[in-house]
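Trainee: Attaching a single structure in C-alpha cells format; questions to follow.
The values are calculated or read from the model by the stated rules, or taken from the named source; none is laboratory data. Because the structure is a prediction, the values reported are computed rather than measured. Ideal geometry is used to build each Cβ from the backbone, glycine not excepted, and the neighbour counts take in all protein chains shown. Surface areas here come from the heavy atoms of the whole protein model, side chains and all, with no ligands, DNA or RNA. Shrake-Rupley method; radii C 1.70, N 1.55, O 1.52, S 1.80 Å.
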Amino acid sequence: MKLPPYAQLLGVTLELVDDLPEIAMPFGHHVVGRPGFLQGGAIAGLLEVAAVAALRHALAGEDAARVKPINATVDFMRGGRDRVTRAAGTITRLGTRVATVSAIAWQDDRARPIAAARLNYLIERGEA
C-alpha cells in the first residue's frame with residue numbers, strides 16, 4: 001500500500017495488525033515541539049496518515065479511486081512523549097462518494113490515546 005508523501009517526512013512505517021493497517025512514528029528531532037514532546041502538527045499528520053491508510057486498505061480493489069480530504073477535527077488528549085507513537089484508522093462510513101474515518105494515536109497503551117481525529121474524504125472512483 002502506498003502512503004502519502006508526508007508519511008516519509010514523518011518517518012512512519014506501516015504494519016498490518018490483524019490484517020488492518022497500523023502506523024508507527026519514531027520520536028526524533030523532526031517531530032519535536034517543546035523539549036521531550038511531540039509537536040501537535042506531527043500528531044495530526046500521523047492521524048491523517050492512519051486514516052488514509054485505513055481508507056486505502058478498504059479501497060484496495062479500486063486502484064483508480066482517489067481520496068481527497070474534506071475536513072478534519074483533531075482532539076489532543078495528552079502530550080505525546082519521547083517514544084514511538086502508533087496510530088490506526090477506523091472507517092465509520094464508506095459511501096459511494098464520501099467516507100468518514102476516525103483515527104486514534106497512542107504510545108504505551110492503545111486504551112489511553114494521546115489524540116483522536118474524525119476525518120471526511122471525497123472518493124473519486126475511476127470509470128468502470
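Trainee: Going by what's in this entry, would Thr73 be described as over 21 Å from Gln8 (Cβ atoms), open to solvent by less than 50 Å² (accessible area, probe 1.4 Å) and out of contact with any His (no Cβ under 9 Å at 6 or more places or on another chain)?
Mentor: Working: over 21 Å from Gln8 (Cβ atoms): yes; open to solvent by less than 50 Å² (accessible area, probe 1.4 Å): no; out of contact with any His (no Cβ under 9 Å at 6 or more places or on another chain): yes.
Judged against the criteria, Thr73 is not a match.
Trainee: Scan region 49-100 residue by residue and report those that are closer than 10 Å to Tyr121 by Cβ and either charged (D, E, K, R) or assigned to a helix (DSSP H, G or I) (or both).
Mentor: Residues satisfying the conditions are Ala51, Val52, Leu55, Arg66, Lys68, Arg97.
Trainee: Here's another thing I want to ask about it. Which residues, taken from region 1-13, are in contact (Cβ under 8 Å) with a residue 40 or more places away in the chain and assigned to a loop (DSSP other than H, G, I, E, B)?
Mentor: As a first pass, look at region 1-13 and keep what is in contact (Cβ under 8 Å) with a residue 40 or more places away in the chain: 1-4, 6-7.
Selection gives Met1, Lys2, Leu3, Pro4.
Trainee: Right, here's the next one. Examine region 51-68 for a residue that is closer than 22 Å to Ile114 by Cβ, free of Cβ contacts under 8 Å to residues at least 40 places away in the same chain and surrounded by 12 or more Cβ atoms within 10 Å (Cβ to Cβ), and state whether such a residue exists.
Mentor: Within region 51-68 (the criterion being closer than 22 Å to Ile114 by Cβ, free of Cβ contacts under 8 Å to residues at least 40 places away in the same chain and surrounded by 12 or more Cβ atoms within 10 Å (Cβ to Cβ)), the answer is no, since none of the residues qualifies.
Trainee: For region 103-116, how many residues meet the condition of being buried (at least 19 other Cβ atoms within 10 Å of the Cβ) and part of a strand (DSSP E or B)?
Mentor: Number satisfying all stated conditions: 5.
Trainee: If you don't mind, another one. Of everything in region 87-97 that's over 17 Å from Ala50 (Cα atoms) and of a type outside the set (D, E, K, R), which residue is most open to solvent (accessible area, probe 1.4 Å)?
Mentor: Taking region 87-97 and keeping what is over 17 Å from Ala50 (Cα atoms), we get 95-97.
Right, trim to of a type outside the set (D, E, K, R) and you get 95-96.
Working: Gly95: 12, Thr96: 109 Å².
Within region 87-97, the match that is most open to solvent (accessible area, probe 1.4 Å) is Thr96.
Trainee: Of all residues in region 14-45, which are of a type outside the set (A, V, I, L, M) and without any contact (Cβ under 8 Å) to a residue 12 or more places away in the chain? Break it down into steps so the answer makes sense when it comes.
Mentor: As a first pass, look at region 14-45 and keep what is of a type outside the set (A, V, I, L, M): 15, 18-19, 21-22, 26-30, 33-37, 39-41, 45.
Hits for region 14-45 are Glu15, Asp18, Asp19, His29, Gly33, Arg34, Pro35, Gln39, Gly41.
Trainee: Scan region 29-41 for residues that are under 12 Å from Ile114 (Cα atoms) and either within 15 Å of the chain's Cα centre (by Cα) or small (Gly, Ala, Ser) (or both) and jot them down.
Mentor: Hit for region 29-41 is Gly40, nothing else.
Trainee: Okay, moving on. Quick test for you: out of Gly40, Gly80, Gly126, pick the one residue that is farther than 22 Å from Lys2 by Cα and surrounded by fewer than 18 Cβ atoms within 10 Å (Cβ to Cβ).
Mentor: Values: Gly80 fails: surrounded by fewer than 18 Cβ atoms within 10 Å (Cβ to Cβ); Gly126 fails: farther than 22 Å from Lys2 by Cα.
Sole residue among the options that is farther than 22 Å from Lys2 by Cα and surrounded by fewer than 18 Cβ atoms within 10 Å (Cβ to Cβ): Gly40.
Trainee: Another question about this same structure. Which residues, taken from region 31-48, are in contact with a Lys or Arg (Cβ under 8 Å, 6 or more places away or on another chain) and in a loop (DSSP other than H, G, I, E, B)?
Mentor: Keep residues of region 31-48 that are in contact with a Lys or Arg (Cβ under 8 Å, 6 or more places away or on another chain), which gives 36-38.
Within region 31-48, Gly36, Phe37 meet the criteria.
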